[in-house]
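Have a look at the structure below, then the notes.
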Ligand SMILES: Cc1cc2nc3c(=O)[nH]c(=O)nc-3n(C[C@H](O)[C@H](O)[C@H](O)COP(=O)(O)O)c2cc1C
């Protein structure tokens, strides 16, 4: 199963990037074919329809194609002001915008429709970014994704990783593994 993993942060020491790394390692160890994206590697300006009318940026097309090729996704979502980050919203807005000049990409949700998505989040706070998940889930459902019921929010993230970015607590690792397992289980059955 092809599994796409990315975090909604580009911060150097991002907890969500670390969580995405852990998820990628666990999923690979379990045999999944993992693509671990770093959004910093995509040159996405702030979405603007006037800009888009001049041509969809090349990295948007690259992102759309990658998303389309992966039936299963895991998103690690930071929480800003009780919601997900502007980076994540901007990424999703670009990736879901129809490309009017390209017949293959005129359906905006082509990259999203039918994907099985697992949600992880990490925050230094006590709720672990759970509220970002509660905003992200309806957005993904609207984009015709299946959102896995199993999710995990890593609270007190500043104390949760060792110097090499590994989770210190076995229970946390098991919670990440449970999300991966459910996403792969569902993707095997719900996607073609
Ligand atoms: C503008 C802003 C708003 C934030 N709001 C929240 C919040 O509502 N809840 C929370 O748990 N953390 C909040 N934080 C703290 C983030 O969880 C913290 O910066 C975290 O490290 C971001 O994720 P990252 O480490 O993956 O970059 C906020 C941070 C910023 C910069």
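Distance between the C-alpha centres of the range 58-73 and the range 98-162: 14 Å, rounded to the whole angstrom. Stretching the chain fully between residue 89 and residue 178 yields a gain of 29.5 nm (0.36 nm per residue, less the alpha carbon separation).
Packing-based ranking of 102-113, 62-73 yields 62-73, 102-113, ordered from highest to lowest mean Cβ neighbour count within 10 Å.
Among the DSSP beta bridges whose two residues both lie in the chain, what percent are antiparallel, rounded to the nearest 5? For the chain, the DSSP antiparallel bridge percentage is about 10. Over the chain, Cα pairs under 8 Å with separation of 6+ residues give a relative contact order of 24 percent. Using only alpha carbons, the range 2-190 has a radius of gyration to Kirkwood radius ratio (Rg to Rh) of 0.96. Spatial offset of the range 1-53 relative to the range 78-97 amounts to 12 Å, using the alpha carbon center of each.
Assign one of three labels to the range 1-81, namely rounded, prolate or oblate, based on the Cα gyration tensor with a ≥ b ≥ c the square roots of its eigenvalues; rounded applies when a/c is under 1.5, prolate when it is not and a/b is larger than b/c, and oblate otherwise. Oblate, since a/c reaches 1.5 and b/c is not below a/b. Of 75, 92, the sequence from fewest to most neighbouring Cβ atoms within 10 angstrom is 92, 75. Based on C-alpha pairs under 8 angstrom that are at least 6 apart in sequence, the range 1-90 has a relative contact order of 46 percent. The angle between the Cα long axis of helix 15-29 and the main principal axis of the chain comes to about 90°, on a 0 to 90 degree scale.
Extension gain for residue 166-residue 113 works out to 15.8 nm (0.36 nm per residue, less the C-alpha to C-alpha distance). Residue 189 versus residue 41, label points 7 Å from Cα toward the beta carbon: distance in nm? Once both label points are built, they end up 3.2 nm from each other.
Where a number appears in this text, it was derived from the coordinates with a stated rule and is not lab data. Only a predicted model underlies this, so the values are computations on that prediction, with no experimental measurement involved. A quick note on method: Cβ atoms are made from the backbone with ideal geometry, for glycine too, and the neighbour counts reach across all protein chains shown.
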